[in-house]
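Read the structure below first, then the notes.
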Amino acid sequence: MMKFQEITEKEYREFWENHPLKTFLSAPEISKLREKSNWTTTYVGVKEDKKLVAATMLLGHKRHFGKWEFYSPRGYLLDFQNKELVDFFTKELKRYLKDHKGYILRIDPYVHFKQRDIDGNIVEGGEDNSSVVENLKSLGFKRVPTKEMEQVGWMFSLDLEGKDEEQILKEMKPNTRNTIRKAEKFGITVNEISYDELERFQSIMEETSQRKGFANRRLSYYQEMYNLFHEKNEVKFFITELNLKNYVEGLKEERKEKEEKINSLSDAKYNDGAKKNLTNEMESIDKRIKESEEIMEEKKTDVITLSGSMFMLIQPEVIYLSSGNYEEFMKFNSQYLIQWELIKYGIENGFKKHNFYGIPENINEHPKDYGIYEFKRGFNGYVEELIGEYELPITWHYYLMKIIHKIRGGK
């Protein structure tokens, strides 16, 4: 017999740790972050023969008229194919929330909708959770438009399980593989930074957000995420740097080799093409040397910061959560190297997947920001479409709140 009840954080954590739908957003640590913004946390679940078979983390926030919004980030944690369990949990949860002055429940399960390939096309005969979506709708859930969802709904991922570095490199797009090798040749370094250096990361994100027109997180967010997850190595921040002095020395050595090669060629007509190509390459090197020397003069330093990235590392996946670049140094393509370093980390530490995270929806229709997807696509992998975010009206206040939000310009 199934029984719905409140559970402890310890019970929830143990259930979450071993659940296939586990992700960082449903981790108890996220509730600690939310509590800084006046959200409350409750854990509820369903037990069958004293064994927990379903659970969710409920975040609550008081809204108008003393009514409460409840949100279960990436919830529920249960088998969505088990219709009886989903129905029981939802109906009992609705009663529970009504008793606790709730007017709405939002969920955005970490469940795929339809299996898609690298180009975003639906895989014939692949995974299809349309029945899960239909069941949620039959229970009264309403689909939230993708552009209004709080969390990412479309992602791009690369399977790591059973693969080694050589195989993954081989399966990348040639341009991506060559770009990684060039970044390594340049001498770009990928350095993990400490809590005290997070201002450097936030500064990179600020420059990027102003350039691309998105809202940057406050420094306190990155600091809180570090405090909550870093002790268990579940979050890492990286900065890429380039020693321009060493870079210039390498360029000069490369130029010297090309000059020697030209001099070794005879004046025969059939060498004209090779000489021309080498001359063009030398001119390109001269240009890069000049640019680098100008940067060192302007910045009054040999070492420049190129980019920064934030990763969540919670089994079974490494998630590329946030990143930024200084526009003037994007030509060094250091983000390719960061991805490669974390892919290698994932392989070495037994992660099953490298999740490049958010991409625009319906990517096969070439929407705005297609370039974000193209960068990630170069590493090989596949598009992941989640079933999305859903709202469950608890009381008639749900519709009143919708009107108020619309008048105020909200969702």
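Summary of computed values
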{"read-out": "Above-threshold pairs, the threshold being 30 Å between Cα atoms, out of Lys36/Lys406; Lys22/Lys163; Lys258/Lys353; Lys32/Lys170; Lys10/Lys114", "value": "Lys258/Lys353; Lys32/Lys170; Lys10/Lys114"}
{"read-out": "Listed residues His100, His61, His354, most fluctuating in the chain (Gaussian network, C-alpha, under 10 Å)", "value": "His100"}
{"read-out": "Surrounding net charge for Asn227, when Lys and Arg each add one and Asp and Glu each subtract one, Cβ distance under 10 Å", "value": "-2"}
{"read-out": "q = 0.07, 0.11, 0.14 Å⁻¹: log10 I(q)/I(0) that the Debye formula gives for the chain, counting C-alpha atoms only", "value": "-0.43, -0.92, -1.35"}
{"read-out": "Spatial separation of Cα centroids for the stretch 138-192 and the stretch 288-309, in angstrom", "value": "28 Å"}
{"read-out": "Order by protection proxy (mean Cβ within 10 Å, highest first), peptides 274-285, 49-60", "value": "49-60, 274-285"}
{"read-out": "Whole-Å semi-axes of the stretch 120-174's equivalent ellipsoid (Cα gyration tensor)", "value": "33, 15, 10"}
{"read-out": "Separation of the Thr8 and Ile193 label points, Cα + 7 Å toward Cβ, nm", "value": "3.9 nm"}
{"read-out": "Contact order relative to length of the chain, as percent, for alpha carbon pairs under 8 angstrom and 6 or more apart", "value": "25 percent"}
{"read-out": "Net charge of Cβ neighbours under 10 Å - reference Leu85; Lys, Arg +1; Asp, Glu -1", "value": "-3"}
{"read-out": "Gyration tensor over alpha-carbon atoms, the stretch 245-299, equivalent ellipsoid semi-axes in Å", "value": "28, 11, 5"}
{"read-out": "Full-stretch length increase - His100, Asn349 - with 0.36 nm per residue and alpha-carbon distance subtracted", "value": "85.3 nm"}
{"read-out": "J(HN,Hα) series, the stretch 13-19, from Karplus relation 6.51 cos²θ - 1.76 cosθ + 1.60, nearest Hz, glycine and proline x", "value": "4, 5, 5, 4, 4, 10, 8"}
{"read-out": "Under 10 Å, Cβ to Cβ, from Leu21 - net charge with Lys/Arg +1 and Asp/Glu -1", "value": "+1"}
{"read-out": "Two-site FRET efficiency, Glu257 against Glu291, from Cβ-Cβ distance with R₀ of 22 Å, rounded to 0.05", "value": "0.60"}
{"read-out": "Principal-axis tilt of helix 272-299 within the chain, Cα atoms, nearest 10 degrees", "value": "60 degrees"}
{"read-out": "Calculated Rg and Dmax of the stretch 1-154 using C-alpha coordinates, Å", "value": "15.8, 49"}
{"read-out": "Average Cα contact separation per residue, the stretch 195-343, under 8 Å, 6 or more apart, as relative contact order %", "value": "32 percent"}
{"read-out": "Mean ellipticity per residue at 222 nm, deg cm²/dmol - from DSSP H runs of n ≥ 4 across the chain, formula -39500 (n - 2.57)", "value": "-13500 deg cm²/dmol"}
{"read-out": "Listed peptides 401-409, 304-312 by packing density, highest first (mean Cβ within 10 Å)", "value": "304-312, 401-409"}
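Here, each number is a calculation from the coordinates, and none is a lab measurement. In this text, all values refer to a predicted model and were calculated from it rather than measured experimentally. In this analysis, Cβ positions are derived from the backbone assuming ideal geometry, glycine residues included, and neighbour counts consider all displayed protein chains.
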